[in-house]
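The values are calculated or read from the model by the stated rules, or taken from the named source; none is laboratory data. If you're wondering where the values come from, they're calculated on a predicted model, not measured in any experiment. As a convention, Cβ positions derive from the backbone with ideal geometry for all residues, glycine included, and neighbour counts pool all protein chains shown.
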Amino acid sequence: MALLALEDLRVEYRTARGTSGAVDGVTLEVREGEVLGLVGESGCGKTTLGRAIIRVLPRNARIAGGKIVFDGVDLAALPEAEMNRYRWRSIAMVPQAAMDSLDPVYRLGDQFTEVLTVTGALTRTDARRRSLDLCDLVGLDRRRLVALALRPRLLLADEPVTALDVVVQHRILKMLRTLTAELSLSVILVTHDISVVAQTCDRMAVMYAGNIVETVPTPDVFPRPRHPYTMGLQNSFPNLLAPQETLIPIEGVPPDLLHPPPGCRFAPRCPFAIDRCLVERPALRELEPGRWAACHRAEEAGALRIQSQEAERWRVPVP
Ligand SMILES: Nc1ncnc2c1ncn2[C@@H]1O[C@H](COP(=O)(O)OP(=O)(O)O)[C@@H](O)[C@H]1O
Ligand code: SF4
Ligand SMILES: [Mg+2]
């Protein structure tokens with residue numbers, strides 16, 4: 001059984017301009033002991049999804065539908081007081097680095113206090129010592145591994161290595177893997193960098209504009225992505241394991257989530273969009289065991305992958 005199963009999860013933000021669906025019907029599993037990479041460009045909804053799982057969303061956000069089934073219990077339906085039994089104790093989060101740690105929702109001091117107060121099991125000193133030991137073990141910034149103090153079963157790590165250079169990244173990600181095995185942790189590793197996933201994760205979920213567009217075991221993804229967005233991500237990041245000659249960016253920007261396109265949300269940037277893509281939203285389908293993609297043309301992925309190597313195809317017309 002999956003440790004965590006998200007079922008058609010929806011998270012909305014209320015803004016002055018209207019309501020936006022930052023997470024729009026996400027169905028996804030995380031297995032025991034698995035490191036799952038959640039990848040997508042900035043603004044795709046990764047942080048929102050992580051915050052929803054541990055239920056520390058900003059005030060203007062709400063879980064608008066769906067389930068967050070953790071160890072058989074739907075966290076989305078729990079009263080706040082009962083949620084405290086899971087938060088930090090069973091599920092912990094390393095918040096997005098740098099600027100985000102200034103976010104009042106996530107101030108590290110608060111996080112530490114919360115970790116210390118939800119449990120009677122550890123004294124303040126013991127909890128602190130344990131987290132520092134763990135930090136030394138992995139060589140990570142000590143303040144940011146407070147999340148592991150209570151030995152959670154699921155760790156949400158939001159862009160943990162984004163600010164670091166690639167050599168340091170590689171070292172830390174290797175240590176993260178070791179730590180995961182030693183602590184029998186399941187991890188959701190959030191990143192905008194697909195090469196980070198390739199180095200670290202068992203499986204990858206690709207997120208675009210609030211939707212999961214592809215899930216795939218990582219040994220398979222580099223040679224054979226099925227979704228054009230994954231192909232684009234692969235083209236646009238330097239890959240330590242399989243160096244490319246040139247990087248091809250995905251031109252354009254993700255859609256405004258207040259007014260998403262009616263069909264496939266990637267269609268305005270997709271080199272392979274056909275008429276159907278503009279009107280019909282592609283469902284996430286299992287194409288073969290363990291391989292899911294939300295693309296009307298997923299069956300043609302082999303041919304599209306070859307075409308996706310041609311830089312000109314990715315040039316979107318300027319409107
Ligand atoms: N507090 C907020 N209020 C309104 N919209 C927000 C808020 N936080 C994030 N968003 C919007 O939600 C979408 C997803 O953001 P986020 O989850 O941070 O994406 P990611 O982590 O993939 O960069 C973006 O369009 C972002 O502008
Ligand atoms: S459904 Fe169409 S627009 Fe969307 S990714 Fe597939 S080919 Fe591109
Ligand atoms: Mg983020």
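Values for this structure:
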{"read-out": "Residues of region 302-316 that turn out to be part of a loop (DSSP other than H, G, I, E, B) and either touching a helix residue (DSSP H, G or I) at 6+ places or on another chain (Cβ under 6 Å) or among the β-branched types (V, I, T) (or both), as a count", "value": "2"}
{"read-out": "Test for A61: is it among the hydrophobic types (A, V, I, L, M, F, W, C) and without any contact (Cβ under 8 Å) to a residue 60 or more places away in the chain", "value": "yes"}
{"read-out": "Any hit, region 244-266, residues being surrounded by 12 or more Cβ atoms within 10 Å (Cβ to Cβ), among the aliphatic types (A, V, I, L, M) and modelled with pLDDT of 95 or more", "value": "no"}
{"read-out": "Which listed residue is in a strand (DSSP E or B) and at positive phi, from G25, G37", "value": "G25"}
{"read-out": "Condition check for A52: at pLDDT below 95, crowded, with 16+ Cβ neighbours inside 10 Å and within 30 Å of Q234 (Cα to Cα)", "value": "no"}
{"read-out": "Residues of region 204-233 classified as away from ligand 1 (no atom under 16 Å from the Cβ), touching a Lys or Arg at 6+ places or on another chain (Cβ under 8 Å) and either under 21 Å from P261 (Cβ atoms) or modelled with pLDDT of 95 or more (or both), total", "value": "4"}
{"read-out": "Where E34 falls short, out of the listed (1) within 25 Å of R151 (Cβ to Cβ); (2) surrounded by fewer than 17 Cβ atoms within 10 Å (Cβ to Cβ)", "value": "(2)"}
{"read-out": "Test result for M1, at pLDDT below 95 and part of a strand (DSSP E or B)", "value": "no"}
{"read-out": "Matching strands (runs of 3 or more DSSP E) fully within region 203-301 where at least 3 residues are within 16 Å of ligand 3 (Cβ to nearest atom) and in contact with a helix residue (DSSP H, G or I) (Cβ under 7 Å, 6 or more places away or on another chain)", "value": "203-208"}
{"read-out": "Scope region 234-243; condition over 13 Å from H192 (Cα atoms) and modelled with pLDDT of 85 or more; matching residues", "value": "N235"}
{"read-out": "Any pair with Cβ under 8 angstrom, 6 or more apart, that starts in region 71-85 at a residue that is assigned by TED's automatic domain parsing to the domain that holds R51 and more than 12 Å from I54 (Cα to Cα) and ends at one that is aromatic (F, W, Y) and part of a loop (DSSP other than H, G, I, E, B)", "value": "V73/Y86"}
{"read-out": "Candidates A303, A298 - the one that is under 26 Å from G45 (Cβ atoms) and not polar (S, T, N, Q)", "value": "A298"}
{"read-out": "Residues of region 255-270 satisfying the condition of being more than 8 Å from ligand 2 (Cβ to nearest atom) and in contact with a Lys or Arg (Cβ under 8 Å, 6 or more places away or on another chain)", "value": "P255, L258, P262"}
{"read-out": "Where a residue in region 157-185 is more than 20 Å from W88 (Cα to Cα) and its partner, wherever it lies, is of a type in the set (S, T, N, Q) and in a loop (DSSP other than H, G, I, E, B), with Cβ under 8 Å and at least six apart", "value": "T162/Q96"}
{"read-out": "Test: residue in region 4-21 that is within 13 Å of ligand 1 (Cβ to nearest atom) and in a helix (DSSP H, G or I)", "value": "no"}
{"read-out": "Residues of region 159-186 satisfying the condition of being under 17 Å from the mean Cα position of the chain (by Cα), more than 15 Å from E34 (Cβ to Cβ) and in a helix (DSSP H, G or I)", "value": "L173"}
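Okay, residues lined up against (1) away from ligand 3 (no atom under 16 Å from the Cβ); (2) buried (at least 17 other Cβ atoms within 10 Å of the Cβ); (3) not hydroxyl-bearing (S, T, Y):
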{"position": "L6", "(1), (2), (3)": "yes, yes, yes"}
{"position": "T15", "(1), (2), (3)": "yes, no, no"}
{"position": "G21", "(1), (2), (3)": "yes, yes, yes"}
{"position": "G25", "(1), (2), (3)": "yes, yes, yes"}
{"position": "L38", "(1), (2), (3)": "no, yes, yes"}
{"position": "R59", "(1), (2), (3)": "yes, no, yes"}
{"position": "I63", "(1), (2), (3)": "yes, yes, yes"}
{"position": "V69", "(1), (2), (3)": "yes, yes, yes"}
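Yes/no per residue for (1) within 16 Å of ligand 2 (Cβ to nearest atom); (2) of a type in the set (A, V, I, L, M); (3) farther than 19 Å from D256 by Cβ:
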| residue | (1), (2), (3) |
| --- | --- |
| G43 | no, no, no |
| T48 | no, no, no |
| N60 | no, no, no |
| G66 | no, no, yes |
| G72 | no, no, yes |
| L75 | no, yes, yes |
| A81 | no, yes, yes |
